[in-house]
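The values are calculated or read from the model by the stated rules, or taken from the named source; none is laboratory data. Computed from a predicted model, the values in this text were never measured in an experiment. Neighbour counts are summed over all protein chains in view; Cβ atoms, including those assigned to glycine, are modelled from backbone coordinates with ideal geometry. Protein only, heavy atoms only, side chains kept; ligands, DNA and RNA dropped before computing areas. Shrake-Rupley method; radii C 1.70, N 1.55, O 1.52, S 1.80 Å.
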Amino acid sequence: MQEKYIDETKQGEAFAILEKPENGKKLFLESYGCQMNFSDSEIVASILNEQGYNTTLNVEEADLILLNTCSIREKAEQTVRMRLAQFKNLKKERPNMTVGVLGCMAERLKTKFLEEEQLVDLVVGPDAYRDLPNLLKETEDGRDAINVILSKEETYADINPVRLGGNGVTAFVTITRGCDNMCTFCVVPFTRGRERSRDPHSIIEECQSLWDNGYKEITLLGQNVDSYLWYGGGPKKDFAKASEMQKLTAINFAQLLDMVAVTVPKMRIRFSTSNPHEMTEEVFRMIAKHDNICNYVHLPVQSGSDRILQLMNRQHTRQEYLDLIKKGKEIVPDISFSQDMIIGFCTETEEDHQLTMSLMREVEYDYGYMFSYSTRPGTPAHKKMEDDIPADVKQRRLAEVIALQGELSRTRMQGYVGRVHEILIEGISKKNKNQWKGRNSQNAVCVFDMKEGQKLGDIVSVFVHGNTQGTLLGETV
Ligand code: SAH
Ligand code: F3S
């Protein structure tokens, strides 16, 4: 299995055309990084659509180029820098074109961006997208513009995201923003600010509206969905100061799941990302209770060694993680799990590495997203620990972990063979135009021959007769 994460596989995916006939200006918008960035780009496009911009896939004709950026690893930032360099000539030819940087790199580098990258005119952090119309006025007057103020309240709850570049079948719905966890390796708490939850009414309304518009699957998004807590107040960390009434009527993630599942009973529901130290048994019970909540949890662990988990400030032990997995498997017998791993974190020994491998064998993950550790300026690990594992050791350990995940994935996929699965048709197979591709409840990808009468968005019964390492092969019954 390749090292894969959305910022490596979908990097720089430009969005499809969004038209409003009266709009005269053209926006080229590219997203890098996590699903949250893709979801944020839909908010940005929605705001700019009201400001006279239609989106375009052709950068040559753009009046405004925006890159929604990722800071999670050094490599992600390099990718964006390289992409910016490609716009240099274009900017020379079309000096009136505006180039803006959004998202986590904007937040991390702030004014430095305007100094270092001469061609950048606009820098906007993840909580400042509402200010885009004002900022664009400044750039139109020939000034550089920046807003990287982080908010304790902003959830963009009232902005109806325009769905871009999608298949019209699956959509993201953001439920929390920011993160208060402070894992020592992670830049997110610095670039996305304090954690806050979105008003459940607006979440429910968005889900209902997606269903009314033909969507068949939603993924509830947050850095840390299990930490969702709505009490009518501001950031989660101020919950202690809430009134008795607010505390009594507060809504947690499991309750939100329940509400969403009941509101759109035929919509498939997924969520991402769960954090082991905040995920509860109650969430597994909700998965078991509702047929439309998928039997799949992405549960990053980062390492199988208690010593490393502690250095990472993950706030749980190996055993607690394994107990949680066991609970999940008991409550939802057909459940699948996937992981994120960081390989070669500061001081990682061969023994720690073996513990990561043994944990993977014990859990039997369906998939994994594995990364070698990349030190991020400003994070606690960067300040206090040495990035001391040599690059070749990191690479070798990463290769071992990826190979092991490959074996585990293959075994798990084999386990799905010989049974009928409910597959949501999400698109056409890349390899064969006469085949659909979709996923089962456990998130395994399945391809099968098209049959008459089937269309995008249908849920069909597919008998799985074979598999590769990452894909199920089937035929409709
Ligand atoms: N809770 C978040 C995690 C965001 S980061 C979520 O919604 O997914 C996604 C993954 O990137 C992490 O789980 C971790 O495995 C990896 N990652 C984060 N910081 C990293 C770093 N400094 N080096 C390498 N990988 C990192
Ligand atoms: Fe990052 Fe840990 Fe939050 S990985 S996003 S600090 S849960």
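Figures for the structure shown
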| item | result |
| --- | --- |
| Residue within the stretch 438-449 that is of a type outside the set (F, W, Y), in contact with an Asp or Glu (Cβ under 6 Å, 6 or more places away or on another chain) and closer than 29 Å to L355 by Cβ present | no |
| Of the criteria (1) assigned to a helix (DSSP H, G or I); (2) within 16 Å of ligand 2 (Cβ to nearest atom); (3) not aliphatic (A, V, I, L, M), which one N181 fails | (1) |
| Positions within the stretch 261-293 being among the hydrophobic types (A, V, I, L, M, F, W, C), away from ligand 1 (no atom under 16 Å from the Cβ) and out of contact with any Asp or Glu (no Cβ under 8 Å at 6 or more places or on another chain), in sequence order | A261, V262, V264, F284, I287, A288, I293 |
| Helices (runs of 4 or more DSSP H) wholly inside the stretch 21-95 containing at least 3 residues that are free of Cβ contacts under 8 Å to residues at least 12 places away in the same chain and open to solvent by 10 Å² or more (accessible area, probe 1.4 Å) | 74-86, 88-93 |
| Residue check for A250: touching a strand residue (DSSP E or B) at 6+ places or on another chain (Cβ under 7 Å), over 26 Å from Q315 (Cα atoms) and of a type in the set (G, A, S) | no |
| Residues of the stretch 281-335 that turn out to be among the hydroxyl-bearing types (S, T, Y) and not in a loop (DSSP other than H, G, I, E, B), as a count | 2 |
| Residues satisfying the stated conditions in the stretch 212-247, i.e. more than 16 Å from ligand 2 (Cβ to nearest atom), more than 21 Å from V283 (Cβ to Cβ) and open to solvent by less than 50 Å² (accessible area, probe 1.4 Å) | G214, Y215, G232, G233, G234, D238, A242 |
| Residue match in the stretch 236-244 (condition: over 23 Å from R439 (Cβ atoms), within 16 Å of ligand 1 (Cβ to nearest atom) and not in a helix (DSSP H, G or I)) | no |
| Subset of the stretch 219-265 [touching a Phe, Trp or Tyr at 6+ places or on another chain (Cβ under 7 Å) and basic (K, R)] | K247 |
| Members of the stretch 184-211 found to be assigned to a loop (DSSP other than H, G, I, E, B), surrounded by fewer than 21 Cβ atoms within 10 Å (Cβ to Cβ) and within 11 Å of ligand 2 (Cβ to nearest atom), listed by number | T184 |
| Unmet criterion (only one of (1) over 24 Å from L322 (Cβ atoms); (2) aromatic (F, W, Y); (3) in contact (Cβ under 8 Å) with a residue 12 or more places away in the chain) for F239 | (3) |
